[in-house]
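Structure record follows, encoded as structure tokens.
The values are calculated or read from the model by the stated rules, or taken from the named source; none is laboratory data. A quick note: this is a predicted structure, and the numbers were derived from the prediction, not measured. So basically every Cβ, Gly included, is an ideal-geometry build from the backbone, and we count neighbours across all protein chains shown.
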Amino acid sequence: MTPEEITALLELQELDLKLIEYERHQKALPGLVEKIEGPARIARAALERVEAELAVARAQQRNVETELATNNENFKKLQTKQMAVRNQIEAEALQHELEALKDRADTLEETGIRWVEAADTAKERLPELQEAAEAADKVAREAREKLDAKTGELKRIHDEASELQAPLLAQVPNRVLGYYKRLRGAGKTPFAAVIRKGACSGCGFRHPPQKLQEIKGSKRMLTCEQCGRIQVWREEEEEKIGF
Ligand SMILES: [Zn+2]
């Protein structure tokens, strides 16, 4: 490859790394969102559960009160009947019914007390749960804002890089580009590795001197025999470390 083609390929790769960062971020996004919103959802669910418990307890309390009122009315009706009782058998039957109603009233009162207690317990727990849910919401909101900002910034960099790539694609030979795209698809960065200290900078494999000369002088694209990455020679890279 010519130095110009190598420069274009490396610039293309530089931009690709930005695209890849955004792609990876997009892939990780659902997990990140879940991690942020999970705790708030759990806190909200705990609050809603206790709110539901309170609603049930209050509804049951009202049912018991209604039943008790009916029971009391029936009791009074029977008491009125008692005044007009004609014989012993009727009197005993009435007495029996009155006792049953009294027992029922006792049971209802006990049940009523249990629902009042259940409502009180739920009510006591509410403020703490409300506070926890609000705090978790706030944390989630702030984390979400930060994440959205990061996503936006990565997207901006991605779009910019994508635009800058267009003219470079025409400067890299098709054969190189095709192979480069396959490596990019496999996802192991870098795809084009500069030779450093006589070795592939992708995997560290040291090339024999003859291969190095080939990479340096060849018009063909050469790859690393260990990792398969495109090997490129940049004079300044080797000068820096005095090769
Ligand atoms: Zn290699």
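Are any residues in the range 207-241 within 10 Å of the ligand (Cβ to nearest atom) and charged (D, E, K, R), and if so, which ones?
Glu225, Arg229
Would it be correct to say that Glu23 is among the charged types (D, E, K, R), in a helix (DSSP H, G or I) and buried (at least 16 other Cβ atoms within 10 Å of the Cβ)?
So Glu23 does not fit the description; no.
Please enumerate the residues belonging to the range 64-94 that are closer than 13 Å to Ala119 by Cβ and of a type outside the set (D, E, K, R).
Residue satisfying the conditions is Val64 alone.
Quick check on the range 222-238. Is at least one of its residues under 36 Å from the mean Cα position of the chain (by Cα) and surrounded by 14 or more Cβ atoms within 10 Å (Cβ to Cβ)?
Yes, because at least one residue in the range 222-238 is under 36 Å from the mean Cα position of the chain (by Cα) and surrounded by 14 or more Cβ atoms within 10 Å (Cβ to Cβ).
Leu68 - would you say it is closer than 16 Å to Asp103 by Cα and surrounded by 15 or more Cβ atoms within 10 Å (Cβ to Cβ)?
It is true that Leu68 is closer than 16 Å to Asp103 by Cα and surrounded by 15 or more Cβ atoms within 10 Å (Cβ to Cβ).
If Gln213 passes every condition in (1) in a loop (DSSP other than H, G, I, E, B); (2) surrounded by fewer than 13 Cβ atoms within 10 Å (Cβ to Cβ) but one, which one does it miss?
Going through (1) in a loop (DSSP other than H, G, I, E, B); (2) surrounded by fewer than 13 Cβ atoms within 10 Å (Cβ to Cβ) one by one, Gln213 breaks only (1).
Within the range 198-207, track down each residue that is in a loop (DSSP other than H, G, I, E, B), modelled with pLDDT of 95 or more and of a type outside the set (S, T, N, Q).
Matches in the range 198-207: Gly202, Cys203, Gly204, Phe205, His207.
Would you pick out the residues in the range 156-197 that are away from the ligand (no atom under 16 Å from the Cβ), surrounded by 19 or more Cβ atoms within 10 Å (Cβ to Cβ) and outside any helix (DSSP H, G or I)?
Residue satisfying the conditions is Val172 alone.
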